[in-house]
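Trainee: This is the structure I have questions about; it appears just below.
The values are calculated or read from the model by the stated rules, or taken from the named source; none is laboratory data. Here the structure is a predicted model, which is why all the values come from computation and not from measurement. Counting neighbours? That spans all protein chains shown, and the Cβs are built from the backbone with ideal geometry, glycine included. Side chains are part of the model used for accessible areas, which takes the heavy atoms of the whole protein and leaves out ligands, DNA and RNA. Shrake-Rupley method; radii C 1.70, N 1.55, O 1.52, S 1.80 Å.
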Amino acid sequence: MSEWEPKIVAFLCNWCSYGSADLAGVSRLQYPHNIRAIRVPCSGRVNPKFILAALRQGADGIWVSGCHPGDCHYIEGNLYARRKFTLLKNLLDYTGMEPERLHFSWISSAEATKFAETARGVVDAVKTLGPARHFIKREAEVA
Amino acid sequence: MRAYTGRIREAAKRLLAENRVDVVIGFRKGTIPLMNEPYLIKSVDQVNQLYWDSNCGINLANYLPKRPDRVGIVAKGCDSRNIVVHILENQIKREQLYIIGVPCKGMLDRRRIMAERNGREPLFAEELEHKVRTVRYELDLTRDRNYFLQDNCRICTHRNPVIYDELVGDLVEEQQVDRYTDVRKIEAMSAEERWEHFEKLIEPCLRCYACRNACPLCYCPTCFVDEARPQWVGKSLDKTDTRTFHFLRAFHVAGRCTDCGACERACPVGIQVRQFTKKMEKDIKELYGYEAGVIADERPPLDTYRPGDPEPFFK
Ligand code: SF4
Ligand code: SF4
């Protein structure tokens with residue numbers, strides 16, 4: 001088990017958080033390789049279905065990141081997203097999933113350091129929990 | 001509540017005779033006791049089949065989305081709230097509707113009556129003042145009607161229609177109740193207990209989707225459960241698929257669900273699916289101060305935002 005590394009699916013918005021990941025790379029900032037970045041136009045584009053789909057396909061943790069409130073490229077996409085994810089996370093908690101598997105953040109394209117730090121935080125949190133099994137089918141586990 | 005039948009017939013007759021509407025949607029007596037069926041009439045000679053008693057728990061708002069004609073509809077409190085939701089979501093126009101409002105004192109839960117009768121269906125049922133009597137040969141049972149109310153009716157705070165064009169009786173007193181005792185009970189469990197709780201709850205689910213079909217909110221042309229590319233929910237009876245279905249169904253009705261109970265009523269295996277939706281309802285009320293289908297000109301909570309919305313766990 002000591003070899004186990006979590007898989008984190010990160011939905012990053014094109015205009016801010018993805019930019020910060022890019023900048024982190026260009027600036028040679030180190031962050032764990034467990035992050036699988038998926039670029040989305042806006043954090044508001046992330047449907048709860050995506051998050052469930054990731055969990056069902058073996059993600060151990062999910063991280064959604066967008067522009068700071070007020071800085072959304074589409075003016076208000078992240079503000080709708082905020083409501084959506086608050087409710088989503090509450091419902092996941094309520095139905096028994098560990099809350100530490102789901103992470104949300106606001107990171108602007110200039111905040112490469114915050115990106116790297118948050119990435120480390122997310123990976124650490126999920127690592128402590130161990131592999132996510134809740135949404136994995138039994139048969140898939142055997143294979 | 002049975003006195004309403006006459007008033008409903010009268011209204012339907014008038015509306016159809018005066019050509020104010022093209023159809024009237026109401027209930028007629030079902031073919032077995034304790035079950036009434038939705039009934040849509042287009043001509044005056046059918047009005048005498050319209051009927052009302054405490055077995056009209058199906059939500060008639062389910063028959064409204066995208067109707068092009070003028071509709072008279074019989075609506076109790078929850079139905080009227082779902083009508084408001086439909087209007088907000090552009091499924092029908094207020095001008096198309098003539099709402100025959102029914103002040104409601106709660107609907108009967110057939111399962112509760114069955115349980116009380118040791119699982120045997122009655123051959124005859126009647127409603128007396130505040131009582132329900134069911135009969136089959138050896139067992140003649142009369143009980144307080146409140147004893148048999150549906151779960152959601154027990155905690156209903158909108159018994160009176162929120163919009164209507166006429167009422168079939170005097171407004172009834174609204175209940176002052178705590179709607180969320182059961183949700184809080186679950187919230188107090190540990191994560192593992194909660195997972196187990198829901199695992200047990202949905203275990204008998206057949207994935208027949210009756211709960212979805214009974215719900216007025218589920219009018220999408222293609223439901224996410226039927227989508228194949230991408231496939232969000234597996235078609236199997238695997239636990240994770242069933243869990244995904246219930247989870248996403250609850251999320252999909254977030255801020256729209258009126259707790260009408262039609263889903264629970266429709267479930268053939270008696271799963272309390274409202275345990276998922278009520279959590280959403282509670283959170284939305286606490287976080288955004290919104291109650292579905294009550295105010296006709298407020299945007300639904302997931303279709304709007306406030307700059308200062310709470311963000312307890314955003315980094
Ligand atoms: S009606 Fe009941 S059995 Fe059918 S899908 Fe819904 S919860 Fe499952
Ligand atoms: S989810 Fe159930 S309680 Fe809510 S509106 Fe739909 S049928 Fe009614």
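Trainee: Looking at the structure I just gave you, is B:THR242 of a type in the set (Ser, Thr, Tyr), open to solvent by less than 50 Å² (accessible area, probe 1.4 Å), within 14 Å of chain A (Cβ to nearest Cβ) and farther than 21 Å from B:MET107 by Cβ?
Mentor: Numbers: of a type in the set (Ser, Thr, Tyr): yes; open to solvent by less than 50 Å² (accessible area, probe 1.4 Å): yes; within 14 Å of chain A (Cβ to nearest Cβ): yes; farther than 21 Å from B:MET107 by Cβ: yes.
Criteria met by B:THR242.
Trainee: Out of all the residues in the range B:160-200, which are within 16 Å of ligand 2 (Cβ to nearest atom) and open to solvent by 30 Å² or more (accessible area, probe 1.4 Å)?
Mentor: B:VAL162, B:ASP182
Trainee: Further, regarding this structure: Considering only the range A:84-122, state which residues are open to solvent by 10 Å² or more (accessible area, probe 1.4 Å), more than 7 Å from chain B (Cβ to nearest Cβ) and in a helix (DSSP H, G or I).
Mentor: Selection gives A:ASP93, A:PRO99, A:GLU100, A:THR113, A:LYS114, A:GLU117, A:ARG120, A:GLY121.
Trainee: Within the range B:34-55, track down each residue that is assigned to a loop (DSSP other than H, G, I, E, B) and crowded, with 17+ Cβ neighbours inside 10 Å.
Mentor: Pass one, the range B:34-55, residues assigned to a loop (DSSP other than H, G, I, E, B): B:34-35, B:42-43, B:51-55.
Scanning the range B:34-55 gives B:LEU34, B:TYR51, B:TRP52, B:ASP53, B:SER54, B:ASN55.
Trainee: While we're on this one: Please work out if B:ALA254 is crowded, with 22+ Cβ neighbours inside 10 Å, within 8 Å of chain A (Cβ to nearest Cβ) and more than 13 Å from ligand 1 (Cβ to nearest atom). Don't jump to the end; show me each part of the working.
Mentor: Numbers: crowded, with 22+ Cβ neighbours inside 10 Å: yes; within 8 Å of chain A (Cβ to nearest Cβ): yes; more than 13 Å from ligand 1 (Cβ to nearest atom): yes.
Taking the combined requirement at face value, the residue satisfies it.
Trainee: Is it the case that the range B:258-278 has a residue that's within 13 Å of chain A (Cβ to nearest Cβ), open to solvent by less than 50 Å² (accessible area, probe 1.4 Å) and without any contact (Cβ under 8 Å) to a residue 24 or more places away in the chain?
Mentor: Applying the first criterion (within 13 Å of chain A (Cβ to nearest Cβ)) to the range B:258-278 yields B:273, B:275-278.
Remaining after also requiring open to solvent by less than 50 Å² (accessible area, probe 1.4 Å): B:273, B:275-278.
Going one step further and asking which of them are without any contact (Cβ under 8 Å) to a residue 24 or more places away in the chain, we end up with none.
No; the residues of the range B:258-278 include none that is within 13 Å of chain A (Cβ to nearest Cβ), open to solvent by less than 50 Å² (accessible area, probe 1.4 Å) and without any contact (Cβ under 8 Å) to a residue 24 or more places away in the chain.
Trainee: When the range B:61-115 is examined, which residues are found to be farther than 20 Å from B:ARG212 by Cα and among the hydroxyl-bearing types (Ser, Thr, Tyr)?
Mentor: The answer is B:TYR98, and nothing else.
Trainee: Within the range B:205-217, is there a residue that is away from ligand 1 (no atom under 13 Å from the Cβ) and within 20 Å of the chain's Cα centre (by Cα)? Let's see the steps before the verdict.
Mentor: At the first step, the residues of the range B:205-217 found to be away from ligand 1 (no atom under 13 Å from the Cβ) are B:216-217.
Add one more test, that the residue is within 20 Å of the chain's Cα centre (by Cα), and what stays is B:216-217.
Yes, the range B:205-217 has at least one match.
Trainee: Checking the conditions here, which among A:ALA81, A:ALA125, A:ALA37, A:ALA59 is open to solvent by less than 10 Å² (accessible area, probe 1.4 Å), farther than 30 Å from B:LEU237 by Cβ and either in contact with a Ser or Thr (Cβ under 7 Å, 6 or more places away or on another chain) or of a type in the set (Gly, Ala, Ser) (or both)?
Mentor: Numbers: A:ALA125 fails: open to solvent by less than 10 Å² (accessible area, probe 1.4 Å); A:ALA37 fails: open to solvent by less than 10 Å² (accessible area, probe 1.4 Å); A:ALA59 fails: farther than 30 Å from B:LEU237 by Cβ.
From the options A:ALA81, A:ALA125, A:ALA37, A:ALA59, the qualifying one is A:ALA81.
Trainee: Tell me, please, whether a residue that is surrounded by fewer than 18 Cβ atoms within 10 Å (Cβ to Cβ), in contact (Cβ under 8 Å) with a residue 24 or more places away in the chain, closer than 22 Å to B:GLN150 by Cα and touching a helix residue (DSSP H, G or I) at 6+ places or on another chain (Cβ under 8 Å) can be found in the range B:69-83. Give the derivation first.
Mentor: From the range B:69-83, those surrounded by fewer than 18 Cβ atoms within 10 Å (Cβ to Cβ) are B:69-70; that's our starting set.
Still in the running and in contact (Cβ under 8 Å) with a residue 24 or more places away in the chain: B:69-70.
From the residues that got through so far, the ones that are closer than 22 Å to B:GLN150 by Cα too are none.
No, because not a single residue in the range B:69-83 is surrounded by fewer than 18 Cβ atoms within 10 Å (Cβ to Cβ), in contact (Cβ under 8 Å) with a residue 24 or more places away in the chain, closer than 22 Å to B:GLN150 by Cα and touching a helix residue (DSSP H, G or I) at 6+ places or on another chain (Cβ under 8 Å).
Trainee: Take the residues of the range A:89-143 that are of a type in the set (Ser, Thr, Tyr) and in contact (Cβ under 8 Å) with a residue 24 or more places away in the chain: which is nearest to B:LYS200 (Cα to Cα)? Working first, answer last.
Mentor: In the first step, residues of the range A:89-143 are kept if they are of a type in the set (Ser, Thr, Tyr); the result is A:94-95, A:105, A:108-109, A:113, A:118, A:128.
Remaining after also requiring in contact (Cβ under 8 Å) with a residue 24 or more places away in the chain: A:105, A:108-109, A:113, A:118, A:128.
Details: A:SER105: 34, A:SER108: 43, A:SER109: 45, A:THR113: 45, A:THR118: 36, A:THR128: 27 Å.
Checking each candidate, the answer is A:THR128.
Trainee: Take the residues in the range B:202-236 that are farther than 20 Å from A:LEU52 by Cα and away from ligand 2 (no atom under 15 Å from the Cβ); name whichever of them is least open to solvent (accessible area, probe 1.4 Å).
Mentor: B:PRO204
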